[in-house]
Amino acid sequence: NFLQHEGNKAILSDIRGAGCIYRFWSANAAGHLKIFFDGESTPRIDCQMQDLFLGSVPPFVKPVVGHRSGGWYSFFPMPFAKGCRIEVTDPGSMYYHVEYQLFPDGTPVRTFTTQLTRADTTALNTILQQWSQLGESPYSASAPGQAAGQSAIAAGETKTVATLLGAGE
């Protein structure tokens, strides 16, 4: 599941071109994380992988990063002008996602830095304020139209198991 192994180091992604990582997730974050931007030889992020997701590495703060439902996640955007390489030393049998978007050639991009501008800080504070007011789940155990149970269906037979109306999952 890694792009490449170099001894005890695993390459998780090696993205070329201008773009932005919007989501970084792992079911079992482990090892030491290094994230390099735009071909730099020194990583801009250099920490234990779990520390990034626990909000111990500024500017990555909860709830934009966290550990929930068995997964470690970051929704903190990490833009790059020329590319981004993510590697982990001693990752074990890690399962992960790096979700990113590439931009058209010539798109001006200000590469990620841990030092936020005043505008970045204002935007982050707005997001944190909005996320702090998310409220309760709209789904409840007694929601109308909830279906549960078992049904046997013979080969070639059709049967309506449930009729659900409105939003659901």
Practice problem: Return the sequence-ordered ³J(HN,Hα) values of region 114-122 in whole Hz as given by the Karplus equation 6.51 cos²θ - 1.76 cosθ + 1.60 applied to θ = phi - 60°, using x for Gly and Pro. | Solution: 6, 8, 6, 6, 4, 5, 4, 5, 4
Practice problem: Report the full-extension gain for the segment Thr107 to Ala154: residue separation times 0.36 nm, less the Cα-Cα distance, to one decimal in nm. | Solution: 11.3 nm
Quiz item: How large is the dipole of the chain about the Cα centre if only Lys and Arg carry +1 and Asp and Glu carry -1, each at its Cβ, rounded to the nearest 20 debye?
Solution: 220
Quiz prompt | Cα extents of region 1-90 along the three principal axes, largest first (Å) | solution = 31, 29, 21
Practice problem: First compute the accessible area of region 1-145 with a 1.4 Å probe, then give the percent of it belonging to carbon and sulfur atoms. | Solution: 52
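As an exercise, identify the trypsin sites (Lys or Arg not before Pro) in region 52-114 lying in DSSP coil whose Cβ has no more than 14 other Cβ atoms within 10 Å. Present the calculation step by step, with values, prior to reporting the outcome.
Numbers: sites: Arg68, Lys82, Arg85, Arg110; in loops: Lys82, Arg110.
Here the sparse-neighbourhood loop sites are Arg110.
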Quiz prompt | Label-to-label distance, nm, for residues given as Asp90 and Arg23 (7 Å Cα→Cβ offset) | solution = 3.0
Quiz prompt | Convex hull of the chain built on C-alpha atoms - directionally averaged projected area, nm² | solution = 15.2
Quiz item: aspartates and glutamates near Lys34 by alpha-carbon distance under 16 Å, same-chain residues fewer than 8 away left out - which ones?
Solution: Glu6, Asp14, Asp46, Asp51, Glu87, Asp90
Quiz item: When the label point is put 7 Å from the Cα of Asn8 along its Cα-to-beta-carbon vector, which residues of region 29-58 have a backbone N closer than 17 Å?
Solution: 30-34, 47-50
Quiz item: Per residue, how much accessible area does the chain have with a 1.4 Å probe, in Å²?
Solution: 64
Exercise. Please give the FRET efficiency for Thr121 paired with Lys82, using the beta carbon to beta carbon distance and R0 = 25 Å, rounded to the nearest 0.05.
Key: 0.50
Quiz item: Considering only Pro59, Gly166, Cys20, whose Cα is most displaced toward the positive end of the charge dipole of the chain, charges sitting on Cβ of Lys, Arg (+1) and Asp, Glu (-1)?
Solution: Pro59
Quiz item: Around Thr111, which amide H atoms from residues at least 5 apart in sequence, or from another chain, sit under 5 Å from its own amide H, with H modelled in the peptide plane?
Solution: Ala81
Quiz item: From the phi of every residue in region 67-74, what ³J(HN,Hα) in whole Hz does the Karplus formula 6.51 cos²θ - 1.76 cosθ + 1.60 yield, where θ is phi - 60° and glycine or proline is x?
Solution: 9, 8, 6, x, x, 9, 9, 9
Quiz prompt | Under 5 Å, built H, 5+ apart or other chain: amide partners of Leu116 | solution = none
Quiz item: For Val64, which sequence-distant residues (separation of 5 or more, or a different chain) have an amide H within less than 5 Å of its own amide H, given hydrogens modelled in the peptide plane?
Solution: none
Self-check item: Derived scalar couplings ³J(HN,Hα) [region 34-42; Karplus, 6.51 cos²θ - 1.76 cosθ + 1.60; whole Hz; x for Gly, Pro]
Solution: 9, 10, 10, 10, 6, x, 5, 8, 10
Quiz item: For Ser132 and His32, what does the FRET efficiency come to when R0 = 25 Å and r is the distance between their Cβ atoms, rounded to the nearest 0.05?
Solution: 0.20
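At a Förster radius of 25 Å, what calculated FRET efficiency corresponds to the Cβ-Cβ distance of Asp51 and Asn1, to the nearest 0.05? Intermediate results must be reported in sequence, preceding the final value.
On the way: r = 22 Å, r/R0 = 0.88.
That gives a FRET efficiency of 0.70.
The values are calculated or read from the model by the stated rules, or taken from the named source; none is laboratory data. Note that this is a predicted model, so its numbers are computed, not measured. Every residue, glycine as well, gets a Cβ built from its backbone with ideal geometry; the counts of neighbours run over all protein chains shown. Areas reflect the complete protein model, heavy atoms only, side chains present, ligands, DNA and RNA absent. Shrake-Rupley method; radii C 1.70, N 1.55, O 1.52, S 1.80 Å.
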